[in-house]
Structures are given as C-alpha cells and as structure tokens.
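**Q** First the structure, which I've put down as structure tokens, then a few questions once you've had a look.
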Amino acid sequence: MIIGLDVGGTHTDVVLVGENGLERQVKVLTDTSALFQTVLTGLEKITENIPPGRITHAALSTTLSTNAIVQNKLPPAGMIVSGGPGIDPEAFRTGPYYFPVSGSIDHSGKEIQPVDAGEIEAIAAKLQSDGIRHVGVVSKFSTRNPAHEVRIGEILAPHFDRVFLGHRISGHLSFPRRIDTTFLNTSIYPLHKKFFEAVKESLKQKGITIPIYILKADGGTMDFDTSIDFPGQSILSGPSASVMGSVAFAPENAETIAMDIGGTTTDMAVLINGTPLLSPLGVELGRYKTLIRGLNSYSIGIGGDSAVRINGRVLTIGPDREGPAMAFGGPVPTPTDALFVLNRMQNGDRQRAVQGIEPIAKALGLSVEEAANTIFDQACREILASAREMINQINRKPVYTIKELLEGYQVKPSHILVLGGPAPYFTRRLEELSGYATEKVPAWSVANAIGTALSRTTCEVLLFADTQRGILLAPAESHQESIRSDFTKKDALRIGFGLLKKKAVDSGASPNDLEMDVLEELEFNMVRGFRLTGKNIRVRLQVKPGLICGYKKIISQICDQSVNEV
Amino acid sequence: MLKAKHKTGLVFFPAYDWAISATHPEREERLLYTQDQVLEEGLLDIEGIIEFKPDLIEVKDVQRVHFCVPDELSVMTKSHFISAGGAKTIARAVLEKNIERGFALVRPPGHHAMRVVHGGRGFCNVNNEAIMIEYMRKEYGVDRVAIVDTDCHHGDGSQDIYWHDPDTLYISLHQDGRTLYPGSGFPDELGGPTAAGATLNIPLPPYTSEEGFLFVIKEVILPVLEEFKPEIVVNSAGQDNHFTDPITNMNFSAQGYADLTRILKPDIAVLEGGYSIEGALPYVNVGVILAMAGIDYTKVKEPGYDHEKLRQSLQITRVIEQTCKVVLENWRNREEIRRRMQADKKFDERRRSIFYDTDGLHETQNETLKICHECSGALKIVSRCDTGNSILAVHIPRKACKTCRELGYSWYESADPKSNNMIALQDRTTDTYQVRQKKDLKR
Ligand SMILES: [Zn+2]
Ligand SMILES: [Zn+2]
C-alpha cells in the first residue's frame, strides 16, 4: 500500500491506496505555522493499526518551500554570479549575499575571461564571517561550458556545508532564471533537509522505514536523496497533486481541462491525451522566475469560500477568503452560501446563508434565490473565462519552424474534469456554460492525495553537441565527452536516452515506469566560410509525468467504491 | 527588477527549417546563436518585452506592393509569408497601441525586392517593409512613413518601390556601391520627378565605424525626419555593418547598433541582413532589443570589440562629412529639383536593367510615369525577363487624381496582349489588383 499526502491551504488530505483501492482516507486541518505537526498527524492517523510491512512507500506534497518563498521567510544564502558582457547581473540580485564576479564564457562555450580565484576566496571569507553556510554559483552560459561554475565550486567547497552549481540544476538557457533557481535550491536546502529528515525519523520511531518520495511541480516524484540535491523542485507541488489526481480519468484521445476547486482558489491545467502539459520554461512563484520544470497550471482566486461582495451593482467574488461560508459560521457570504440558499448543500445553517446573501439580493433588485443563482453563475463563468485565457496563452506560444507554424497545433479541449471539495456542485453548471463534457473525478475530495500517491518519478535530460568543437555535453548530468565529426542526432538521442534512464532510476523510478519521449530534437549544419564544418545538435528528453504502473487496478477499485458510495 | 521603459514587442522567427541552400549565408543556422543569447540573457522575461507569434500575410497584402511574375505563389515560399507576416504583426501591435515599439527579428530579408518580382535578388523575394507599410496604410489609415535603411547593402528594392512616392521617405546608409552589391545608392539617386528628395542615399566608405554611422544619424537623418514629420519610422535593421561580417567591409559594433537604435527611436525595426552569425548577431540583437526597450545596454560587448582599434581614419571622416553636406543640400532643394526634373514634360521615362543574383536572372524595364501636378502620377512598367516572361504592369498610386486613374485604366485596357505574357493593374485608390491576361508564363 502507498501513502499519499497533500498539504492544502485549508486541509491536508492523506490517503492509503492499494489493491483494494482507497483503503483509508483522512483529512486534518492544515496549521501553516506548524506544518511538521500537520504532516505528522496525517501520517499517524493514516498508519494507525496498519502493519508497517504492508506499506511500500509514501509520497508527499507539502507547502513547506512554497510558503517559505511566498511569505518571504527564506533562510539567507550566498550567491556568486559571473555574467560577463550583457545585462548587468546586479539586475538579478537575490538578496544581501549576492556577489557578481569577473569571468565570462560566450554562447559557444568559449572562455572569454578566466575566473579570478583570489576574488572568490575573498568572498568566501566574507560569507563565512557572516555565518552563511550555503552558497549558489551561476555563470552565464554555464550550460555550454560549466568549467567556471565547477572551478568556483571547488574553491568554495572546503568552507561551506553545501554549494549548489547552476548547470547541475537545469540545462536550459536563461541566466536570470538560473540565478533564481539556484538561489531557491540553495536557500530552501536547510529547511527541506531538516523537515524531511524529521519526517523520516518520526516514521522510523513507529517502525515504518519506507522510502519517502516528494512530489514535484511537474507532477512527478523524486526520492528523498534526490530531493536533497534539488530541493527547489518541491515548490508548487500543490497544483500538480490535483492534476495528477485527474490523470487516471482523462480520456486518452482528447484534450481535457483539469480543475481543482478549493476553498480559496481554483487551480487548473491541461491534459493532452492524458498527459499534463508542462510550462515552456519553468514555474514562477512570487518574484522568482525559475527553470524548475512544472505543469502549465493556472490559478484563479475563486473557490467555495471566496468572499462575495457587492459594490454598487457590481458583484465580486474573491480573490480572498475571509473564513468559511456563513452557513458554517463564517463572516461573509460565499459561493458555498449560494449553494445552501439554492438547497444544493445541506448540513449547515441555511438561515445564516440566506442572511448573508440578502443584502446582495437587495442591491441587485433580485430575490435571494435569484441572487444566489447569480453568484453561483458568476463563479462558474469566471472560472471558465480563466480556463479560456489559459488555453489562449498556450496557443499563443511562439514557434520557430515553418512546419510548426503552418501545422499550427492548437489545444482545443473538449472535456473538463473537476475535483476538490465543491466539485459535485459545480460540475453540471460548468458543463452547461462551457459546452464541454464535464465530470467530477471519483473520490473528488481526496483525488489530489491519490494523485500524489500514484505519480511516477519523472526527470528531463538536455544534451548539446557541437561536432565542430568535437564535444557533447549534458550539463545537468555532469556528462561531457568527445565526439567524432560524423556524430549525428541519432547518436545524441541514443546517449540521451541512456542518461535519462540512469537519472530516472537514480531518482527512485521503478524501471517499469520509464515512459520516455523526445521533447525537442534539432540539428543544424554549421557553415564557416561557405563550407560545411560541423553539426550543432540539441536534444531534450523526458520521462513523462504520469501514473505508476499498476495504477489501473487501484483506480478501477476506487471507481467501484465511489459508485457504491452514490 | 528590470522593466522596459518603452513597451517593446518582438517577433522572433528564425525559420529553423528554411534555407536558400545548405551553405548559403541565408540558412537555418543564421539566428540560432542569437536565440541562444536572447534566451540566456533572459530578455523575454523582462517586464514590458513581449514576444508575439507571427501572422502570415495574405496574397492580397503582396498585391498591394508587388507584381509577381508569373504569380505570388511561384516566387514566394512559405517562409516569405511568415517573414513579412512577422513585420505585419509588429505593425498591428504598434498601431493598436499594445506596444510602443517593436522589432521583427525575421528571415528571409526583403529590402532588395523591387516592385516587379521575377525571382530572388540579394537573398530577397518580397519586400517585408513595403508589404507592412502598405498594410498599415490600408488598415490603419497611416499616411507619412519614413524608412531608415541601416543595412550594409543599399536597399535598392525599397528604393524602387518608393521611388515615385512623396509620402514615403526612404533614407539609406550603406557601404559605397562601388565596393559592394548591389552597386547602387549614390547621392544623386533622389527619386522620380514627382517625389525627388523623398529618396536619400548616404554611401559610406569601407571601414566606417561607430562615429561615422552616428554622425550621419545625428547630422542628416534626425534633422530630415524632423522636417518630414513621418507618423511611423521604420528601421530596415540590417546587421551586416558589423566588423566581423564575412561579406562586407565595415567597422560597426553592437554598441554602435544599440546607440543608433536609441538615437533613431524607430517605431518598428525589421531585420534585414547580417551574416556574422556567431560573432555579431547575438550581441547586436541583444543591444538593439535593450535599446528599443530603453534598458541599459552599455555592458553588451562582443568578444574582440576594441573601440580604439575600430576607429575610422580621418580621411573616412572627411568623405562622410562631404557626402552628408551634399545629401542635406539635395534635401533642402528638393522642390527645386522636382521642378527641374519635371520641366515641361508630360511623361518621364526610365530604362533599367536589373540583375537577380540569387536566382541568376536578368530583367529589363521601361518605366513611364505621368507627370502630374495633382498627384504623384500613374506609372506603367514594361518588364522583360530572360526567363522569357514579360509583364505590362500599371500602378495607380494611393492618392491618384481622377485623370491619372483614368490614364492607368486606359493603359491597362489598351495594352497589347500579343507583346506581353501578363498584363496587370494595381489600383491603390480602391486597393484592388487585377490581371487581364496571363499566357505562356514559365514557372
Ligand atoms: Zn545586407
Ligand atoms: Zn494625377
């Protein structure tokens, strides 16, 4: 059996899934100020009276790093960046311990200016005296030649607990994003390490010594050891938990919008033939733009508990939440109250819901029922409008070949899958308004935790080859080799798949779960002086986000259970 | 956090699957390293720099500008529809005020393509800027436009298209035609009798460097623009003046290009040539984009750049100063020059021979312009190409008077079908293009 745990803003959902489907489910209130306690309580409740030997592993999606970023509570970290010509790296400052240094490398990987070891030593001394234990190093074009980052890392290593090198974290181009990403990894590292070591220790004390997996922003997982090297990958795992919770139910030959309607927000993403769409460069969080692989997810500040207000005759919903619905003792009316007024929800104080909506009805010159309908409709319409905006943005993405431009692949969803607490109440109206076949996901209120439990381990490999220079480079894998002039894209793909397989297994993937594909393959003739002098090859491969093998049996059990519930 | 002072739009279309031929300078690889540099610098993440997907132009957009023989689809590939489409996308975004300025980083280029097109010349088949400008005129009612062509080669195609148009100022600075393709663009090329002075050419000696280029911009181009008062300034932004360019002989730099852009403040820039794909383009383009957006670019420097070493000689400075003097004088005397050229003539004739280096074709043209005092005059072109194709083409300008319009139609209707394979009419007053006859045309 597998434990899946997803920390949400209001609730933390924990499930135990196995051959018999959903074996157990638990909801505990999330205490953001005591996240460890929340997670531990969840794990204790879900494992109560379960023989430890029957649990194979646990997958966790927490808001630990996301909260630290959003609430500006990141521990200090040193950053050493070498930019060379271009935009002044001062523009990308991450905090007080940020040091632009000399040294530069050009786009082909040629060294333009060497590293000044003395300069680095001096900075190291300064950082040490200020008590900084963790440092990130980024040089421009380190993904074309990591030598400078490696050299600086060697100088720093003896003096610090941990040094993170930019090219190891992502093979993509974007110096500013590499700086942000490396900083986040460096800064989150001590928080992440302490938290999950404590989780492991607590489980151990209960006699549970199982592998721990951590959900990433791309909807895949990584094992605990990998997460220590790439703690930044754990940010924004919340939306990916939801999306992965809907994957099993998405049609295989259609495009689907997955929507998780929560208390405060609705998160959404697109599934193409059952595989979630990834964001082109990397996720953005707070003021950080990163190279962290993530789902192309969108969030809108509308959920079941969003504050509903009237200003003149203008009705607004969200983007904030002041508390639970009035029907549950909250302070302001919400879409949930509208559902109470409409008698779609029970087990709460309908009278208080009516009281909450009355002033709105008055301002709009409607009956309370009509006002409730208006509120509910507006919530649905705004959610759908933002889904449309998401689709437009995806379809506006520039392409760089004539073939792609003319074939003009456009995402055209035909289905919506809804999950989250209020899912069953929204499904029908969303379908009427959108015209898309709309369904709620079985076990909708804990589908996110089920998705976390069943997600496979994912990873990506980028490969760059230049036969003129005779080099092949997979920067994030620390892989570099000499190649012959007759090296081709086919060779690059072969080597790339080898590296990808190794990386996935090293990150905790089961060899049965390596569903790999090519994200990008480009090959250019290099011509110098009107003569063909070599080939420039770029290849990008991934293990796709998806569910572990054996999920089908578990899911079909869950479906049966949910049918029985109804 | 970096923020653009001027909201800037970009269309980046490197056409990674298109080349004239495998080892041609205009090949797949051309913008690859530029893309690497733009991505690594993170330009597209800067607030106020927005990337757009290019639109495709339509055949009717081409027909506003060109007479394509035998037809548009035979002389254009898909890449031309996208490249000109990229310029159109930027124009639309500027005129709809979604952006303040924009740069179409597209290939293939277009400034060697003339009004009549039998094939490719100077790596160009259709004129991206002209197609864009006429689209702006049609869709947005734009009237006065200036093109400042800073490609190293003389933009003889743009010059040809706007030769008789007093509302389009075409200024080119380029390497002296005695030393470089296409061998034209001398200061005495000023435009036709109804538009003289709206074409200005400033040939520069080989090895002209930053100070020469910036001198011309400040001393000639800015004052002329000030007087001409265009609604839109378009920069045909060739990047082949760079000191590392393999097919030219100039000493310009990334800093110089960025300075030029900052001083010129074009509303729209459209990429033209530039073939130093590793040593120049990545840096020049980053410099130009930053300059357009109003962001500091002073640290954008290409390897090997040495301001002192690139300095031009005193002799070059003198030649440029002298040329500028002549050009400014012509500009000031343009009314007088027009009068002198018109004399008492009813018609003006021009015979030319045009070489298509890219496709290896040769064309001869006889042009007849009605000298009109009400408008810029109806234009008739009889063109014969060594493909065997010939065309009689009639162009009725945008602001044609009734007489010229009628004359244009009578030329078109009375043209001898036996002596021309193709007879076509471009009536810009009604935005129509028609072909009366098409026979025995070779493709
Ligand atoms: Zn050129
Ligand atoms: Zn007239």
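**Q** Once ligands and nucleic acids are excluded and a 1.4 Å probe is used, how much of B:Ser158 is accessible, expressed in Å² to the nearest 10?
**A** 0
**Q** Taking H as built 1.01 Å from N, whose amide H comes closer than 5 Å to the amide H of B:Ala269, not counting residues under 5 places away?
**A** Those qualifying (amide H under 5 Å, at least 5 residues apart or on another chain) are B:Gly102, B:Phe103, B:Ala104, B:Asn235.
**Q** Given axes a ≥ b ≥ c from the Cα gyration tensor, I'd like to know whether segment B:22-159 is rounded (a/c under 1.5), prolate (a/b larger than b/c) or oblate.
**A** Because a/c hits 1.5 or more and a/b fails to exceed b/c, segment B:22-159 counts as oblate.
**Q** Round to a whole number: what % of the accessible area of chain B belongs to carbon and sulfur, probe 1.4 Å?
**A** Summing carbon and sulfur atoms, their accessible area is 50 percent of the total for chain B.
**Q** Please work through chain B and write down the cysteines that have no neighbouring cysteine Cβ at a distance under 4.7 Å.
**A** Flagged as lacking a Cys partner: B:Cys68, B:Cys124, B:Cys152, B:Cys324, B:Cys372, B:Cys385, B:Cys404.
**Q** Mind checking which of B:Val117, B:Val126, B:Val94 has the largest fluctuation in a GNM of chain B, springs on alpha carbons under 10 Å?
**A** Judging by the Gaussian network model, the answer is B:Val94.
**Q** Comparing the chain by itself with all protein chains present, which residues of segment B:290-307 are at least 50 Å² less accessible (probe 1.4 Å)?
**A** Buried by 50 Å² or more upon assembly, which counts only protein chains, are B:Lys299.
**Q** Now, a different point. What is the distance in Å between the Cα centroid of segment A:240-279 and that of segment B:243-265?
**A** Rounded to whole Å, the Cα centres lie 49 Å apart.
**Q** Given a cut-off of 56 Å, what percent of all Cα-Cα pairs of the protein assembly as shown lie beyond it?
**A** More than 56 Å apart: 25 percent of the Cα pairs in the protein assembly as shown.
**Q** In addition: In whole Hz, with x marking every Gly and Pro, tabulate ³J(HN,Hα) for segment B:213-218 from phi via Karplus 6.51 cos²θ - 1.76 cosθ + 1.60, θ = phi - 60°.
**A** Residue by residue, segment B:213-218 yields 4, 5, 4, 4, 4, 6 Hz.
**Q** Rounded, prolate or oblate for chain B? Axes are the square roots of the Cα gyration tensor eigenvalues, ordered a ≥ b ≥ c, and the cut-off for rounded is a/c under 1.5.
**A** Prolate.
**Q** For B:Asp440, tell me the accessible area in Å² from a 1.4 Å probe, rounded to the nearest 10.
**A** 110
**Q** Also: Starting from the amide H of A:Gly546, placed 1.01 Å from N in the peptide plane, find each other amide H under 5 Å away whose residue is 5 or more places distant or on another chain.
**A** Those qualifying (amide H under 5 Å, at least 5 residues apart or on another chain) are A:Arg456.
**Q** Rounded to the nearest angstrom and ordered from largest down, what semi-axes does the equivalent ellipsoid of segment A:459-543 get from its C-alpha gyration tensor (root of 5λ)?
**A** Over the Cα atoms of segment A:459-543, the semi-axes work out to 28, 12, 9 Å.
**Q** Still on this model: What is chain B's relative contact order, in percent, from Cα pairs under 8 angstrom and six or more apart in sequence?
**A** 15
**Q** Per 5 Å bin from zero, what fraction in whole % of the C-alpha pairs of segment A:351-398 is there, up to the bin with the longest pair?
**A** 5, 21, 18, 14, 10, 9, 9, 7, 5, 2, 0
**Q** Show log10 I(q)/I(0) for chain A at q = 0.07, 0.09, 0.12 Å⁻¹, two decimals, from a solvent-free Debye sum over equal Cα scatterers.
**A** -0.45, -0.74, -1.21
**Q** Which loop trypsin sites (Lys or Arg not before Pro) in segment A:13-105, with loop taken from DSSP, have no more than 12 other Cβ atoms within 10 angstrom of their Cβ?
**A** Qualifying residues, ordered by number: A:Lys73.
**Q** What residues of segment A:60-107 lose no less than 30 Å² of accessible area with every protein chain in place versus their chain by itself (probe 1.4 Å, heavy atoms only)?
**A** A:Pro85, A:Gly86, A:Ile87, A:Asp88, A:Ala91, A:His107
**Q** When ligands, DNA and RNA are left out and all protein chains stay put, how many square angstrom of accessible area per residue does the protein assembly as shown have with a 1.4 Å probe?
**A** Roughly 37 Å² per residue, with all protein chains present.
**Q** Here's something else I'd like to know. Using modelled backbone amide H atoms (1.01 Å from N, in-plane), which distant-in-sequence or interchain residues come within less than 5 Å of A:His134's amide H?
**A** Amide H neighbours of A:His134: A:Gly78.
**Q** Mind listing the phi-derived Karplus ³J(HN,Hα) values for segment B:351-356, rounded to whole Hz, using 6.51, -1.76 and 1.60 with θ = phi - 60°, and x for any glycine or proline?
**A** 10, 9, 10, 10, 9, 9
**Q** Assign unit charges at the C-beta atoms only (+1 for Lys and Arg, -1 for Asp and Glu), then state the dipole size of the protein assembly as shown relative to its Cα centre in Debye, rounded to the nearest 20.
**A** That gives the protein assembly as shown a dipole magnitude of about 740 debye.
**Q** Right, another one. Report relative contact order for segment A:71-152 in percent, whole number only (criteria: Cα-Cα under 8 Å, sequence separation at least 6).
**A** In percent, rounded to a whole number, it is 35.
**Q** Run the accessible area of segment A:164-247 with a 1.4 Å probe and give the carbon-and-sulfur part as a rounded percent.
**A** Of all accessible area on segment A:164-247, carbon and sulfur atoms account for 51 percent.
**Q** A further question follows. Which whole-number percent is the relative contact order of chain A (Cα, under 8 Å, 6+ apart)?
**A** 14 percent.
**Q** Hey, another quick one. Please identify every one of the GluC sites (Glu not before Pro) in segment A:373-452 that sits in a loop by DSSP and has no more than 15 other beta carbons within 10 Å of its own beta carbon.
**A** Passing both the DSSP loop test and the Cβ count: no residue.
**Q** Oh, and also: Restricting to bridges with both residues inside segment A:250-440, how much of the DSSP beta-bridge set is antiparallel, in percent to the nearest 5?
**A** Given both bridge residues lie in segment A:250-440, the antiparallel proportion sits at roughly 70 percent.
**Q** To continue, here is another question. Which GluC sites (Glu not before Pro) in segment A:222-311 pass both tests, a DSSP loop state and at most 11 other beta-carbon atoms within 10 Å?
**A** Listed in order of number, the matching sites are A:Glu252.
**Q** Another question, then. Of the beta bridges DSSP finds with both residues in the protein assembly as shown, what % are antiparallel, to the nearest 5?
**A** Just about 55 percent of them are antiparallel.
**Q** If you count, for every residue in B:40-53, the Cβ atoms of partner chains within 10 Å of its Cβ, what is the mean?
**A** Mean partner-chain Cβ count within 10 Å for B:40-53: 5.
**Q** How large is the helix-only mean residue ellipticity at 222 nm for the protein assembly as shown, computed as the sum of -39500 (n - 2.57) over DSSP H runs with n ≥ 4, divided by its residue count, in deg cm²/dmol to the nearest 500?
**A** After summing the helix terms and dividing by residue count, I get -10500 deg cm²/dmol.
**Q** Follow-up. Which order do A:Leu40, B:Leu32 take when ranked by solvent-accessible area (1.4 Å probe, heavy atoms of all protein chains), largest first?
**A** Descending accessible area places them as A:Leu40, B:Leu32.
**Q** Please compute how much accessible surface disappears when B pairs with A, both sides summed, using a 1.4 Å probe, and round it to the nearest 100 Å².
**A** Summing both chains' loss of accessible area gives about 3800 Å².
The values are calculated or read from the model by the stated rules, or taken from the named source; none is laboratory data. Because the structure is a prediction, the values reported are computed rather than measured. We place every Cβ from the backbone using ideal geometry, glycine too, and count neighbours over all the protein chains shown. We work out accessible area using only protein heavy atoms, side chains counted, and drop any ligands, DNA or RNA first. Shrake-Rupley method; radii C 1.70, N 1.55, O 1.52, S 1.80 Å.
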